[in-house]
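These notes concern the structure reproduced below.
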Amino acid sequence: MSHADQDRLSRTALGVFHLNGRFLAVADKLAAPAGLTAAWWQVLGAVISEPLPVAGIARSMGITRQAVQRIADLLVDKGLAQYAPNPAHRRAKLLRPTQEGRTAMSRIGPGHATFAARLARELGDEGFAETVRVLERLSRAMETLGLPDPSDAPARPGSRAAGT
């Protein structure tokens, strides 16, 4: 890997980390009137169109199953979601929103639409579409590459791996 590639990777990662923080702050602000947090909104949003097992939600969101399980249990305790039997897997119950959860999600819609329109004006239609394409492409590439294997790193001169 060239130094230019390393720099681009570092800048990309820092940009994504910064954006993640901004998106979480915006999501918390949009979800608050509905009595939700960004994390609750994220998990409820994953099951709004169809029930999913916790592991499936975690895979789609790119976070750990344990993190989703904690949030799912909270949503169930708050009456915003419920567990349902999973015909495909007896032990992996499906999470689905309750009517109260659907109502809470619908309260987010107007603020979400307003913010989306503001962002579209800021980026322009083509810029917004290109942003989506680039982020989806980056996500697919990262999935394809998987996690780095430390043993694949080139040996440093003078290290044991270099034979000294």
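Observations on the structure shown:
- Those helices (runs of 4 or more DSSP H) of the stretch 35-132 in which at least 2 residues are farther than 28 Å from T144 by Cα and touching a residue at least 12 places away in the same chain (Cβ under 8 Å), considering only elements entirely within it, cover 65-77, 99-123.
- Pick from the stretch 59-70, criterion among the aliphatic types (A, V, I, L, M) and surrounded by fewer than 21 Cβ atoms within 10 Å (Cβ to Cβ), ranking: farthest from E136 (Cα to Cα): A67
- Some residue of the stretch 90-107 being among the hydrophobic types (A, V, I, L, M, F, W, C), open to solvent by less than 30 Å² (accessible area, probe 1.4 Å), under 19 Å from S139 (Cβ atoms) and touching a strand residue (DSSP E or B) at 6+ places or on another chain (Cβ under 8 Å): no
Yes or no, residue by residue, for (1) in contact with a Phe, Trp or Tyr (Cβ under 9 Å, 6 or more places away or on another chain); (2) modelled with pLDDT under 95; (3) closer than 16 Å to P51 by Cα:
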site: D77; (1), (2), (3): no, no, no
site: L80; (1), (2), (3): yes, no, yes
site: P85; (1), (2), (3): no, yes, yes
site: P97; (1), (2), (3): no, no, yes
site: A104; (1), (2), (3): yes, no, no
site: A113; (1), (2), (3): no, no, no
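The values are calculated or read from the model by the stated rules, or taken from the named source; none is laboratory data. Quick caveat: nothing in here was measured; it's all calculated off a predicted structure. Glycine also receives a Cβ, built like all others from the backbone with ideal geometry; neighbour counts cover every protein chain displayed. Heavy atoms of the whole protein, side chains included, go into the accessibility calculation; ligands, DNA and RNA do not. Shrake-Rupley method; radii C 1.70, N 1.55, O 1.52, S 1.80 Å.
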